[in-house]
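Some notes on the structure that comes next.
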Amino acid sequence: MAVGHSVRRFHSPHLYFHSGIIDPWFNLFIFLGLYTFIRSVRERSLRQSILSGALVGLAVMTKGPAAIIIVGLAVFTYWALQRFKVFFSWAHIGAMLLSMVFIIALWFGIDLLRHGPDFTVAFFERQVALFTEEDAGHGGFFGYHFVVLLIGCFPASLFALQELLKPTKEGDERRAFRTWMMILFWVVLILFSVVSTKIVHYSSLCYFPLTYLAALQVERIWKKQEGFGWSRFAMGVIGNIIALAVVVLPFAAMRIERLKPLFSADRFAQGNLAANVRWTGLEAVAGAVLFAALLAAHVLHSKGRFRQSLLVSFGGVVLFIWCALYFFVNNIEGYSQRAAVEFFEARQDEPCYLLTKNYKSYVPEFYGRMREPQPNEEVLLGGPIDRPVYLSCKITSMAEVEALGTFHELYRKNGFVFFKREP
């Protein structure tokens with residue numbers, strides 16, 4: 001779970017699908033739902049239509065109705081590009097929708113019948129809030145996801161951009177699928193650039209179309225044994241900047257006191273930097289690996305050995321990510337949440353309620369091993385309780401918790417403040 005939290009810092013598909021969070025499953029169901037819809041159109045297959053609806057329904061069950069919006073926008077965009085010429089069977093669309101509703105009703109329908117509309121209404125209100133309001137601590141500028149994908153999916157992002165700007169020549173069937181992937185990419189990227197909340201998970205569905213588009217360029221280079229083009233130089237510039245940053249970071253962290261003035265306006269960051277994290281300088285090996293891979297790929301390319309250059313480029317980035325995970329993730333976790341992990345971990349065997357205030361985290365559930373439902377937050381903060389409530393907040397929210405008058409402070413550490421409320 002610590003790795004799942006740290007995915008926000010080390011954002012790459014390689015790490016993302018090892019994180020243990022729900023978004024990779026959400027993305028997979030959406031992609032497969034769209035893919036089977038494309039097959040149902042191409043093959044005129046009722047079976048594929050039913051499967052498509054079931055997969056989209058599973059995506060909704062996983063995380064919410066954004067799955068329907070994404071698939072619906074992609075289909076509508078393709079339809080618009082066809083000048084609204086009907087390219088599908090309305091009977092198949094009906095079968096898809098019925099299949100989707102059936103899957104969704106397996107949970108929402110039963111819950112609605114047994115417990116009323118409270119959960120369903122609250123669930124959809126939360127989805128709307130995420131689309132229309134900036135979630136706490138997760139704001140960002142309009143181009144946030146462009147930058148995240150460019151760096152987080154390096155070097156595939158550069159080949160994908162090259163494919164977007166200068167498409168490879170291909171047959172009608174592959175050209176149609178490429179169009180679908182371009183639509184999916186832009187729908188997701190634009191949709192979540194407009195949304196107020198900016199979290200790296202939101203654009204992660206772009207991994208599928210992005211890597212497909214990149215693969216078209218890689219196939220061109222491999223089969224025709226052609227040069228990379230401008231992406232070779234972009235790879236060198238961006239890759240060397242990343243490598244340099246990774247080499248410098250551990251030595252800068254060894255002199256953390258000099259960095260603290262840069263965060264003087266952020267009390268929480270100041271507290272994070274006070275964590276006792278050990279850096280040795282060996283962490284720079286990860287950056288050195290990337291430097292070496294980029295240099296070797298450049299030399300091979302200059303000698304016309306394009307296939308070997310491709311293998312070294314991508315293989316070197318994989319090795320770099322492994323090294324970065326080994327050397328950096330635990331240290332990043334040490335700054336970002338280790339104090340909270342230790343606090344909740346100490347409550348595993350105690351009958352109590354666990355809560356965070358003004359920030360969201362899976363740490364209480366996972367490290368506190370919460371085994372049963374809790375009362376709602378309003379009750380935990382000020383209502384009647386039958387056992388202690390332990391609360392964690394950032395130091396910036398400390399005054400708000402103190403103003404409740406129901407908690408007393410236990411201690412504070414690394415930017416977090418920990419409270420307890422007696423029954």
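The values are calculated or read from the model by the stated rules, or taken from the named source; none is laboratory data. This one's a predicted model, so the numbers in the text were calculated from it and none came from an experiment. Every residue, glycine among them, receives a Cβ derived from its backbone with ideal geometry; neighbour counts consider all protein chains shown.
Results for (1) under 23 Å from residue 19 (Cα atoms); (2) in the same structural domain as residue 16 (by TED's automatic domain parsing); (3) modelled with pLDDT under 95, shown as yes or no for each residue.
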| residue | (1), (2), (3) |
| --- | --- |
| 287 | yes, no, no |
| 295 | no, no, no |
| 298 | no, no, no |
| 305 | no, no, no |
| 327 | yes, no, yes |
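Tell me, please, whether a residue that is free of Cβ contacts under 8 Å to residues at least 12 places away in the same chain and either in a helix (DSSP H, G or I) or closer than 18 Å to residue 35 by Cα (or both) can be found in the range 95-103. Looking for residues that are free of Cβ contacts under 8 Å to residues at least 12 places away in the same chain and either in a helix (DSSP H, G or I) or closer than 18 Å to residue 35 by Cα (or both), one finds none in the range 95-103, hence no.
Restricting attention to the range 22-41, the residues being of a type in the set (Val, Ile, Thr) and either more than 17 Å from residue 66 (Cα to Cα) or touching a strand residue (DSSP E or B) at 6+ places or on another chain (Cβ under 6 Å) (or both) number 3.
Considering 19, 52, which residue is modelled with pLDDT of 90 or more and either touching a Gly at 6+ places or on another chain (Cβ under 7 Å) or not in a helix (DSSP H, G or I) (or both)? Walk me through how you get there before you give the answer.
Working: 19 fails: modelled with pLDDT of 90 or more.
The unique qualifying residue is 52.
Taken over the range 200-234, the criterion of being over 15 Å from residue 163 (Cα atoms) and either basic (Lys, Arg) or under 25 Å from the mean Cα position of the chain (by Cα) (or both) is satisfied by 200, 201, 202, 203, 204, 205, 223, 224. Return yes or no: is residue 210 modelled with pLDDT under 95, touching a Leu at 6+ places or on another chain (Cβ under 9 Å) and part of a helix (DSSP H, G or I)? It is false that residue 210 is modelled with pLDDT under 95, touching a Leu at 6+ places or on another chain (Cβ under 9 Å) and part of a helix (DSSP H, G or I).
Could you please give the count of residues in the range 315-344 that are aromatic (Phe, Trp, Tyr) and surrounded by fewer than 18 Cβ atoms within 10 Å (Cβ to Cβ)?
Here is the first cut: in the range 315-344, the ones aromatic (Phe, Trp, Tyr) are 320, 322, 326-328, 335, 343-344.
Then keep just the ones that are surrounded by fewer than 18 Cβ atoms within 10 Å (Cβ to Cβ); that gives 322, 326.
Counting residues in the range 315-344 that are aromatic (Phe, Trp, Tyr) and surrounded by fewer than 18 Cβ atoms within 10 Å (Cβ to Cβ) gives 2.
Specify the residue that is farthest from residue 77 (Cα to Cα); the eligible residues are those in the range 152-187 that are of a type in the set (Val, Ile, Thr) and at pLDDT 90 or above. Full working, then the answer.
Start the filter on the range 152-187 by keeping residues that are of a type in the set (Val, Ile, Thr), which leaves 168, 179, 183, 187.
Now drop any that are not at pLDDT 90 or above, which leaves 179, 183, 187.
Numbers: 179: 10, 183: 7, 187: 9 Å.
Across the range 152-187, the extreme among qualifying residues is 179.
Restrict the check to the range 186-195 and report whether at least one residue is surrounded by fewer than 20 Cβ atoms within 10 Å (Cβ to Cβ) and part of a loop (DSSP other than H, G, I, E, B). Yes, the range 186-195 contains at least one residue that is surrounded by fewer than 20 Cβ atoms within 10 Å (Cβ to Cβ) and part of a loop (DSSP other than H, G, I, E, B). Counting only residues that are farther than 15 Å from residue 30 by Cα and of a type outside the set (Ser, Thr, Tyr), the range 46-100 holds 20 of them.
Pairs meeting the criteria (first residue in the range 254-277 and not assigned by TED's automatic domain parsing to the domain that holds residue 393, second residue hydroxyl-bearing (Ser, Thr, Tyr) and assigned to a loop (DSSP other than H, G, I, E, B), beta carbons under 9 Å, at least 6 apart or on different chains) are 254/280; 270/264.
Check 121, 147, 237, 128 and return the single one that is aliphatic (A, V, I, L, M), outside the structural domain of residue 28 (by TED's automatic domain parsing) and free of Cβ contacts under 8 Å to residues at least 24 places away in the same chain. Outline the logic, then answer.
Details: 121 fails: outside the structural domain of residue 28 (by TED's automatic domain parsing); 147 fails: outside the structural domain of residue 28 (by TED's automatic domain parsing); 128 fails: outside the structural domain of residue 28 (by TED's automatic domain parsing).
From the options 121, 147, 237, 128, the qualifying one is 237.
When residues in the range 46-75 are screened for being under 15 Å from residue 90 (Cβ atoms) and surrounded by fewer than 17 Cβ atoms within 10 Å (Cβ to Cβ), 1 of them pass.
Taken as a whole, the structure places residue 88 among residues that are part of a loop (DSSP other than H, G, I, E, B) and surrounded by 16 or more Cβ atoms within 10 Å (Cβ to Cβ).
Inside the range 254-273, can you point out the residues that are surrounded by fewer than 16 Cβ atoms within 10 Å (Cβ to Cβ), closer than 26 Å to residue 342 by Cα and of a type in the set (A, V, I, L, M)? Of everything in the range 254-273, those that are surrounded by fewer than 16 Cβ atoms within 10 Å (Cβ to Cβ), closer than 26 Å to residue 342 by Cα and of a type in the set (A, V, I, L, M) turn out to be 254, 256, 259. Looking at (1) farther than 17 Å from residue 181 by Cβ; (2) touching a residue at least 24 places away in the same chain (Cβ under 8 Å); (3) not small (Gly, Ala, Ser), which is the one condition that is false for residue 75? It is condition (1) that residue 75 fails. Of all residues in the range 215-241, those being crowded, with 16+ Cβ neighbours inside 10 Å and not small (Gly, Ala, Ser) number 9.
Yes/no per residue for (1) over 27 Å from residue 272 (Cα atoms); (2) part of a loop (DSSP other than H, G, I, E, B):
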| residue | (1), (2) |
| --- | --- |
| 344 | no, no |
| 349 | yes, yes |
| 365 | no, no |
| 372 | yes, yes |
| 386 | yes, yes |
| 400 | no, no |
| 406 | no, yes |
| 411 | no, no |
| 417 | no, no |
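The listed residues are 244, 290, 300, and the only one of them that is surrounded by fewer than 16 Cβ atoms within 10 Å (Cβ to Cβ) and free of Cβ contacts under 8 Å to residues at least 60 places away in the same chain turns out to be 244.
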